[in-house]
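As C-alpha cells, the structure follows; a few thoughts come after it.
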Amino acid sequence: KDGKIRLTSENRPAVIAAFLKGGHKWHRTVDIGTTITNFKTMWWKWWRGQQPESRFRNGQLVQSEAVLWDGLEEKCGPNGLVLVVGSLLWWREGIVAAAETCGDHKVDDIDIPVEHADWELAVVDVTWALDHMVRHCVKAKTIPNKRARRS
C-alpha cells in the first residue's frame with residue numbers, strides 16, 4: 001500500500017479510469033457511451049470489490065447492522081466515495097440519453113426500464129452504505145478528518 005486512502009482500481013469501469021487520468025474535471029459531462037449494460041456490469045463488480053467481507057452472505061451483498069467497514073468509511077476523497085457517487089450520476093445520464101434516443105423502449109439491446117431499475121438498486125445500496133458508515137463512525141466517534149489542524 002502507498003498510504004493513500006482511495007478505492008481499489010480492480011474492475012473499475014474504463015470511463016472512471018479515463019476520468020481520473022483526465023484530471024477529475026467534474027464540470028465536464030462524462031459519456032459512458034452506448035455500453036450502459038457493460039458499464040453497469042463493471043460498476044457492480046467494482047462496487048462489490050470495495051465492500052468488506054461482512055457485507056456478503058452466500059455471495060450476495062446484504063444490508064446488515066453487523067457490517068464492519070474495514071476502512072472503507074475513510075475513503076472519502078476525490079478518488080474515493082465521491083467517485084462512486086459521481087459514477088452513479090454518469091450511469092443515470094447514460095440511461096437518460098438512451099431514453100431520449102428511443103423513447104423509453106429498447107434501443108440497441110438496451111432495455112431502458114430494466115437499466116433504470118438496476119441503477120435505482122445501485123443508488124439504494126450506495127445510499128444505505130454511506131448512511132451506515134456515517135452512523136458507524138458517529139457511534140465509534142471515528143469520523144475521519146482530512147488533516148489535523150495546526151496550532
Per the C-alpha gyration tensor (a ≥ b ≥ c, the square roots of its eigenvalues), segment 1-95 is rounded if a/c is under 1.5, else prolate if a/b beats b/c, else oblate; here it's oblate
Would you mind calculating the gained length between TRP26 and ASN11 on full extension (0.36 nm times residue separation, minus the Cα-Cα distance), in nm to one decimal?
3.2 nm
Would you mind classifying segment 48-121 by shape? Square roots of the alpha carbon gyration tensor eigenvalues, ordered a ≥ b ≥ c; an a/c under 1.5 is rounded, otherwise it is prolate if a/b is larger than b/c and oblate if not.
oblate
Nitroxide proxy distance, nm - points 7 Å out along Cα→Cβ at GLN63 and CYS102
2.8 nm
Give me the accessible area per residue for segment 52-138, probe 1.4 Å, as a whole number in Å².
53 Å²
List every residue whose amide H lies under 5 Å from the amide H of PHE56, counting only residues 5 or more places away in sequence or on a different chain, with H placed 1.01 Å from N in the peptide plane.
VAL62
Modelling each spin label as a point 7 Å along the Cα-to-Cβ direction, I'd like the GLU93/VAL123 distance in nm, to one decimal.
1.6 nm
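The values are calculated or read from the model by the stated rules, or taken from the named source; none is laboratory data. These numbers come from a predicted model, not from an experiment. Heads up, the Cβs are rebuilt from the backbone with ideal geometry, glycines too, and the neighbour counts pull from every protein chain shown. With ligands, DNA and RNA removed, areas are computed over all heavy atoms of the protein, side chains included. Shrake-Rupley method; radii C 1.70, N 1.55, O 1.52, S 1.80 Å.
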